[in-house]
Amino acid sequence: MVTTYDLVGVGIGPFNLSLAALCDGVPEVRALFLDGKRAFSWHPGLLMEGTVLQVPFLADLVTMADPTSPWSYLNYLRRHDRMFPFFFSERFHIPRREYDHYCRWVAERLPSCRFDAQVTALEWDEEAAAFAVTYRSAAGAVTRVLARKVVLGVGTEPVVPEPLRPLLAEAHAGRVLHSAGYRAHRDRLAAAPDVTVIGAGQSGAEVVLDLLRSGGPFVRWLARTPAFAPMEYSKIGLEHFTPDYIRYFRGLPEAERERLVREQWQLYKGVSSETLADIHDELYERTIGGAEPPAALHPGVEVVAAAVTTTGDAGGYTLTCRHSPQDAVFEIRTSAVVAATGYAAARPAFLEPLSDLVDWDGKGRYQVDGGYRVALDPRVSGELYVQNAEMHTHGVGAPDLTLGAWRAATILNAVAGRTVLPVPERVAWTTFGSPSAPEASGLPEPAAPRSVGSLR
């Protein structure tokens, strides 16, 4: 017998875990969430002591949609006898390591979450009128289940600049890497004479600060952005992470959406002002008495070529760089390179059997409607949703934890065919766009929720 579910989630990161937590206790939704990892983990390569979330603790898995849920961060604190210490600490932004532990606590207790379950194929079964999901355990056991609706929450993949990609081979392990693997190679990097960090976002800043505090290498920080700028964190500015802004953004022409995402980099690629201050303070302390600064900061710089340096005792790498405003080319020699160059959505291999039934846009991306449904061939009566693969259609809030619970509640209501959790439409003080212009979109919108029975 093949088990049929109302909903199968592929990937258990914070966003699908949010959906799993909100589904818990909803009787008409039989859900299963699958992940190939042995247990929940969230950016393990960057879980250094002292790092904090860039969003308040209220942006946990459930609170912004259902503050009464037993899976809230506050209930996690209560269950771990940490409510008083948390209260006395007066924290609004919590340690990243604790957020990771909180998510693990939820994932281990939700019966719908199944780890060691690597999805290998997602197909449309016309006879069953359902998606067929095939997954395999590390031991090789293969299981096939059916689902009327599937939610892709497979996360994003590290992005490495083209010139550095040939240097990611095993021979350069621990010396040329993406920041996603920083923690595993931290000691080796701290012992290097010279480390170059590429990328002006929060990850890059945290790697720079951690290396400076280690007291080891000379640290060089390169960034394409015109400045090492703080993340936009004003109270009105944060209204870009609201349903109001999503609705406005979706109504814009595609070219305008592309332009805005590029120009709004400080909304999602900036550095917390506290981290920038810590880097400055570290440099200030280290230069007391006239000492040379143990770092060099270079904004407006792009790496255009990279090569192995064979001369010298230790060897290393030569980076050819271009300073964009001056159009000046120069070289840097370094012992190691950490590319803190972000992440991007990628098409998972298991989706290949379904690929011809997905209505991709002109750039090979999902076309996603206002309810986070992917446009599919009319022959497919099931529904496919995505989480954190829709920045091009929904704006800068796609990867942000602030909107995670709201988006999950939106999907849950559609899957259940009723309003399980009310989701507000108007929450911002800002009126985005002309007050007289209709909020229209050229993208397909979801049909009104319809009553559906459980598939149990």
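Using every Cα-Cα pair within region 1-123, state what percent have a distance larger than 17 Å.
Tail of the P(r) past 17 Å holds 59 percent of the pairs.
Specify the angular offset, from 0 to 90 degrees and rounded to the nearest 10, of the alpha carbon long axis of helix 273-286 from the longest principal axis of the alpha carbons in the chain.
20
Which order do peptides 157-167, 124-134, 193-203, 421-431 fall in by mean Cβ count within 10 Å, highest first?
Result, highest mean first: 193-203, 124-134, 157-167, 421-431.
Normalised by the residues of region 264-370, what does the relative contact order come to in percent, with Cα pairs under 8 Å and at least six apart?
Relative contact order comes out at 13 percent.
Given a 1.4 Å probe and the protein chains all in place, what does the accessible area of Ile246 round to, in Å² to the nearest 10?
Here the residue's solvent-accessible area equals roughly 10 Å².
Counting only the heavy atoms of the protein chains, how much of Ser355 is accessible to a 1.4 Å probe, in Å² to the nearest 10?
Answer for Ser355: close to 10 Å² accessible.
Mind checking region 333-408 for trypsin sites (Lys or Arg not before Pro) that DSSP puts in a loop (not H, G, I, E or B) and that have at most 10 other Cβ atoms within 10 Å?
Details: sites: Arg333, Lys363, Arg365, Arg373, Arg379, Arg407; in loops: Lys363, Arg365, Arg379.
Within region 333-408, the qualifying trypsin sites (Lys or Arg not before Pro) (loop, at most 10 other Cβ atoms within 10 Å) are Lys363, Arg379.
Take Met64, Met1, Met83, Met48 and sort them by solvent-accessible surface of the protein heavy atoms, 1.4 Å probe, largest at the top.
Ranking Met64, Met1, Met83, Met48 by accessible area, largest first, yields Met1, Met64, Met83, Met48.
Tell me the chymotrypsin sites (Phe, Trp or Tyr not before Pro) within region 183-283 that lie in a loop according to DSSP and have at most 16 other beta-carbon atoms within 10 Å.
Values: sites: Phe218, Trp221, Phe228, Tyr233, Phe241, Tyr245, Tyr248, Phe249, Trp265, Tyr268; in loops: Phe228, Tyr233, Phe241.
Qualifying residues, ordered by number: Tyr233.
In whole angstrom, how far apart do the alpha carbon centroids of region 43-92 and region 260-282 sit?
Rounded to whole Å, the Cα centres lie 22 Å apart.
With charges set only on the Cβ (+1 for Lys and Arg, -1 for Asp and Glu), what does the dipole of region 255-313 come to about its Cα centre, in debye to the nearest 20? Mind showing how you got there, number by number?
Details: 5 positive and 11 negative charges, 67 e Å.
The dipole of region 255-313 has a size of about 320 debye.
Using the alpha-carbon atoms, what tilt in degrees (0 to 90, nearest 10) does helix 96-109 show relative to the longest principal axis of the chain?
Approximately 30 degrees, to the nearest 10.
Taking 10 °C and 1.306 mPa s as the conditions, I'd like the Stokes-Einstein D for region 333-401 in µm²/s, using the Kirkwood hydrodynamic radius from alpha carbon pairs.
Estimated diffusion coefficient is 113 µm²/s.
Do any chymotrypsin sites (Phe, Trp or Tyr not before Pro) in region 67-98 lie in a loop, going by DSSP, with at most 12 other beta-carbon atoms within 10 Å of their beta carbon, and if so which?
Passing both the DSSP loop test and the Cβ count: Phe92.
Pick out, from Ala345, Pro378, Gln264, the residue whose Cα sits farthest towards the positive end of the charge dipole of region 235-380, with +1 on the Cβ of Lys and Arg and -1 on the Cβ of Asp and Glu.
Pro378
Keeping every protein chain in place, order Lys149, Lys269, Lys37, Lys235 by accessible area at 1.4 Å, biggest value first, i.e. largest first.
Heavy-atom accessible area, descending, gives Lys235, Lys269, Lys37, Lys149.
Which of these values of Cα Rg over 2.2 N^0.38 Å was calculated from the structure shown: (i) 1.41; (ii) 0.98; (iii) 1.04?
Answer by label: (iii).
Across the Cα atoms of region 187-246, what radius of gyration and what greatest pairwise Cα-Cα distance (Dmax) are found, in Å?
That works out to 15.9, 49 Å for Rg and Dmax.
At 4 °C and a viscosity of 1.567 mPa s, what translational diffusion coefficient does Stokes-Einstein give for region 312-435, taking Rh as the Kirkwood radius over Cα pairs? Give it in µm²/s as a whole number.
Using the Kirkwood radius from Cα pairs, D works out to 69 µm²/s.
About the Cα centre of region 181-222, how large is the charge dipole given +1 on each Lys and Arg Cβ and -1 on each Asp and Glu Cβ? Please answer in debye to the nearest 20.
Charge dipole of region 181-222: 40 debye, to the nearest 20.
Averaging sequence separations of C-alpha pairs under 8 Å and six or more residues apart, then dividing by the length of region 6-126, give the relative contact order as a whole percent.
Once normalised by length, the contact order is 38 percent.
Given +1 on the Cβ of Lys and Arg, -1 on the Cβ of Asp and Glu, and no further charges, what dipole in debye does the chain carry about its Cα centre, rounded to the nearest 20?
Numbers: 44 positive and 53 negative charges, 155 e Å.
Computed charge dipole of the chain: roughly 740 debye.
In nm, to one decimal, how far is the Val329 label point from the Arg183 one, both placed 7 Å along Cα→Cβ?
Placing both labels 7 Å along Cα→Cβ, they lie 4.0 nm apart.
Can you list, bin by bin at 5 Å, the percent of alpha carbon pairs in region 208-279, starting at 0?
Calculated over all Cα pairs of region 208-279, the distribution is 3, 12, 19, 20, 14, 12, 8, 6, 3, 2, 0 percent.
List the relative contact order of the chain as a percent without decimals, with contacts defined as Cα pairs under 8 Å and 6+ residues apart.
Relative contact order comes out at 22 percent.
In the structure shown, do any of Lys149/Lys363; Lys235/Lys269; Lys269/Lys363; Lys149/Lys269 have a Cα-Cα gap over 27 Å, and if so which?
From the list (Lys149/Lys363; Lys235/Lys269; Lys269/Lys363; Lys149/Lys269), the Cα-Cα distance tops 27 Å for Lys149/Lys269.
Give the distance, in whole Å, between the Cα centre of region 199-240 and the Cα centre of region 341-369.
30
How many percent of Cα pairs in region 241-361 exceed 26 Å?
Looking at region 241-361, the distances longer than 26 Å represent 54 percent of pairs.
Report the one residue of Thr430, Val160, Met1 whose Cα lies farthest in the direction of the positive end of the charge dipole of the chain (charges on C-beta: Lys and Arg +1, Asp and Glu -1; origin at the Cα centre).
Result: Met1.
Given only helices, namely DSSP H runs of n ≥ 4 each adding -39500 (n - 2.57), what is the per-residue ellipticity at 222 nm of the chain, to the nearest 500 deg cm²/dmol?
Estimated from H runs of four or more residues: -7000 deg cm²/dmol.
Expressed as an acute angle from 0 to 90° and rounded to the nearest 10, what is the orientation of the C-alpha long axis of helix 404-416 relative to the principal long axis of the chain?
20
Would you mind computing Rg(Cα) / (2.2 N^0.38 Å) for region 128-262, counting N as its residues?
Normalised Rg, Cα atoms only: 1.50.
The values are calculated or read from the model by the stated rules, or taken from the named source; none is laboratory data. Model, not experiment: these values are computed from the prediction. Neighbour counts are summed over all protein chains in view; Cβ atoms, including those assigned to glycine, are modelled from backbone coordinates with ideal geometry. Side chains are part of the model used for accessible areas, which takes the heavy atoms of the whole protein and leaves out ligands, DNA and RNA. Shrake-Rupley method; radii C 1.70, N 1.55, O 1.52, S 1.80 Å.
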